[in-house]
1. Select from region A:10-48 the residues that are among the charged types (D, E, K, R) and surrounded by fewer than 19 Cβ atoms within 10 Å (Cβ to Cβ) and write down the one among them that is nearest to A:Ser297 (Cα to Cα).
2. Those residues that are more than 9 Å from chain B (Cβ to nearest Cβ), among the charged types (D, E, K, R) and over 19 Å from A:Gly151 (Cβ atoms), I need them from region A:89-133; list them, please.
3. Would you confirm, using the coordinates I've provided, whether A:Arg67 is over 29 Å from A:Glu188 (Cα atoms) and surrounded by 13 or more Cβ atoms within 10 Å (Cβ to Cβ)?
4. Could you look through region B:205-242, keep only residues that are within 11 Å of another protein chain (Cβ to nearest Cβ) and among the hydroxyl-bearing types (Ser, Thr, Tyr), and pick out the one that is surrounded by the most Cβ atoms within 10 Å (Cβ to Cβ)?
5. Give region B:137-167 a look and list any residue that's free of Cβ contacts under 8 Å to residues at least 60 places away in the same chain, part of a helix (DSSP H, G or I) and farther than 21 Å from B:Pro100 by Cβ, or say none.
6. Kindly list the number of the only condition in (1) touching a residue at least 12 places away in the same chain (Cβ under 8 Å); (2) away from every other protein chain (no Cβ under 12 Å) that fails for B:Glu275.
7. Pull up region B:259-268, narrow it to residues that are touching a Phe, Trp or Tyr at 6+ places or on another chain (Cβ under 9 Å) and outside any loop (DSSP other than H, G, I, E, B), then point me to the one that is surrounded by the fewest Cβ atoms within 10 Å (Cβ to Cβ).
8. Go through region B:145-166 and give me each residue that's modelled with pLDDT of 85 or more and closer than 16 Å to B:Gly265 by Cβ.
Amino acid sequence: MDSRILDIQGLCARDSVEELLVDVSLHVDAGGRTAIVGESGCGKTMTLRALLHTLPPDVEVSAGRIRFMGEDALALKGEALRKDLYMRIGHVGQNTSENLHPLLKVSRQLTDFSPLGRKEALEKATALLESLSIKDPGRVLSSYPGELSGGMRQRVNMAVALMKDAPLLIADEPTSALDAHVRRQVEELYQGLCEREGLSLLLISHDLSFVRRIADRVYVMYAGRVVEEGSLDEVFGEAAHPYTKALASLSGRRSLDRTRDLDEIGGSVPDKGRGDPSCAFSSRCPYAARDCHNALSYRHLGGSHYVRCCHELA
Amino acid sequence: MFRQLLRRILAAFIVMFLVSLATFAALEVVPGNAAIVSLGTEGNVEQLAALEAQLGLDRPLGERLFDYYSGLIRFDWGTSSYYGQPVWTLISQRLAVTFPLALASVLLALLIAITLGTVAAVRKGGVVDIISRSLVQLASAMPSFWLSLLLLVLFSSVLRLVPMGGYVSPAEDFGAYLNSIVLPLSVLVVGETGPLLRLVRSSMLEAIGEDWYTAAQVKGLRKGRVIVSYALRSALTAPLTSAGTQLAKLLGGTAIVESVFALPGMGRLFLTAVEMRDLQLVQGIVIFVSFFVVLMNLVTDIVLRLVNPALEPDGGGL
């Protein structure tokens with residue numbers, strides 16, 4: 001049981017109008033590197049937000065459970081939430097430029113939550129920034145976030161996440177919104193991090209080439225559901241879901257977004273009807289047939305490879 | 001920081017110069033002058049000419065303007081025709097009554113507004129939010145003279161806890177001083193808390209919606225510190241600015257409360273000056289209050305910059 005540091009089972013979330021997440025199950029092995037991929041609007045970030053208790057006020061978890069390090073993460077409250085969840089998860093959020101308070105110096109934001117004394121915390125922050133290839137940590141520490149470049153701020157966010165020596169690091173789109181050069185550097189930083197002993201990683205990314213280099217287990221999400229899961233080789237080597245195939249064919253391209261159609265499959269991720277039993281992808285699927293409309297069985301393909309599609313694709 | 005401060009101070013001086021010039025010009029344009037006012041309807045032309053000569057009103061404009069400014073700088077703001085005392089003496093006496101009252105009411109209102117506004121925003125829709133919003137509605141619906149009378153009836157007539165009115169200087173008897181100002185202070189606080197509370201609540205709600213608010217919690221900072229050192233830091237700009245302006249306004253604007261409670265303050269002095277057409281005194285009070293507004297803006301600005309050194313040179317809604 002405790003070989004899994006994070007274990008999400010049957011998670012459902014909905015707002016007042018519709019289902020946003022339907023029966024999402026995924027896990028991160030202790031020391032493992034799990035990635036969630038899919039277009040924008042597939043529910044990747046929503047899943048994370050359920051874990052971190054940061055869902056929008058009108059969204060609620062309606063079913064399922066989340067276990068983190070053996071504890072029921074959904075039931076945590078107040079000081080226990082802070083100690084048992086937030087202090088044990090390093091989270092690098094999606095919107096890097098707005099995760100830092102604009103009126104507080106970086107040094108303060110890097111140290112104020114640390115249980116270490118101020119001086120020790122500052123030494124640790126300096127060392128961390130150095131390890132993230134920042135040449136002049138002193139200058140960065142005494143700056144306000146607005147005085148730093150996007151790449152610098154991303155590193156500061158990583159340093160915030162790493163300050164706690166948390167066993168699980170969560171990175172939500174760590175390389176989006178960065179230019180090619182900086183993205184390359186940040187990717188290398190993550191690759192370096194993954195070689196550290198005992199650190200588990202949950203990565204959310206559009207960027208499949210990055211996922212291929214870093215993850216060992218992959219979940220593909222579509223319209224609020226997991227549609228395929230397995231080891232990196234299983235999912236990308238023997239993709240079984242038409243959606244995964246479409247994504248994989250795009251891996252040369254850097255990013256996927258909702259407004260741009262996938263190459264061979266038109267349309268976009270549907271917002272409505274996620275709770276319906278029919279396959280949400282069928283309207284865009286080149287293999288769609290009549291029986292897709294009641295085909296939601298999750299099929300085991302061998303190993304740890306599962307797919308939510310009724311077709312036997314070669 | 002230092003250069004910005006110098007620029008601010010310079011700008012403040014320019015505003016003060018323009019205000020005093022405008023005051024001078026206004027009194028110059030108004031028909032009648034101090035001599036006509038003090039003679040009333042009984043005087044004749046010879047008496048008027050004599051008095052004008054005595055007051056220096058017959059001299060050329062440029063000369064009088066020069067005198068006006070050199071007087072301003074030396075706090076020689078002329079003599080009140082009604083009271084027969086120097087204007088500056090009158091103002092400083094009345095200020096001793098009004099300023100502590102105004103300052104205390106703004107500080108108390110700010111304290112209440114920050115506390116309740118923060119709780120109301122953090123627990124939006126909760127008990128504190130609902131009750132404080134209803135109270136704000138109630139307070140803004142009550143005219144201050146009516147509330148004053150209500151308090152007087154309750155605490156003076158019925159409960160006999162405080163005197164009916166009048167003022168005791170704190171140097172004379174501090175306990176009696178507190179008794180004489182507790183009701184007017186309450187009325188002022190009730191009036192000022194509402195708008196400040198609304199400001200605190202709305203800017204706190206804005207801060208809570210920011211990404212860094214959630215990020216600070218997720219990184220493991222205690223909730224109390226996220227609220228105080230992160231959210232309040234951003235949310236206080238507007239309420240502090242408003243409190244500074246409020247304080248300056250109160251110096252000239254507590255006339256109603258002062259009248260009901262028979263306090264010898266600035267507001268009543270101003271009323272008397274206008275009623276008695278005491279032009280010198282009106283001029284003095286207008287200049288004083290506007291100088292004070294400029295000064296308060298400067299002070300608020302400096303305080304905000306001390307709290308938030310990273311504010312943009314001309315940002316912060318000032």
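1. A:Asp23
2. Passing the criteria: A:Arg118, A:Lys119, A:Glu120, A:Glu123, A:Lys124.
3. Yes.
4. B:Tyr230
5. Result: B:Gln137, B:Leu138, B:Ala139, B:Ser140, B:Ala141, B:Trp146, B:Leu150, B:Val153, B:Leu154, B:Ser156, B:Ser157, B:Val158.
6. Here B:Glu275 meets the rest and fails (1).
7. Among residues in region B:259-268 that are touching a Phe, Trp or Tyr at 6+ places or on another chain (Cβ under 9 Å) and outside any loop (DSSP other than H, G, I, E, B), the one surrounded by the fewest Cβ atoms within 10 Å (Cβ to Cβ) is B:Ser259.
8. Passing the criteria: B:Phe145, B:Ser148.
The values are calculated or read from the model by the stated rules, or taken from the named source; none is laboratory data. Since we're looking at a predicted model, the values are computed, not measured. Positions of Cβ are generated from backbone atoms using ideal geometry, with glycine treated the same way; all protein chains shown enter the neighbour counts.
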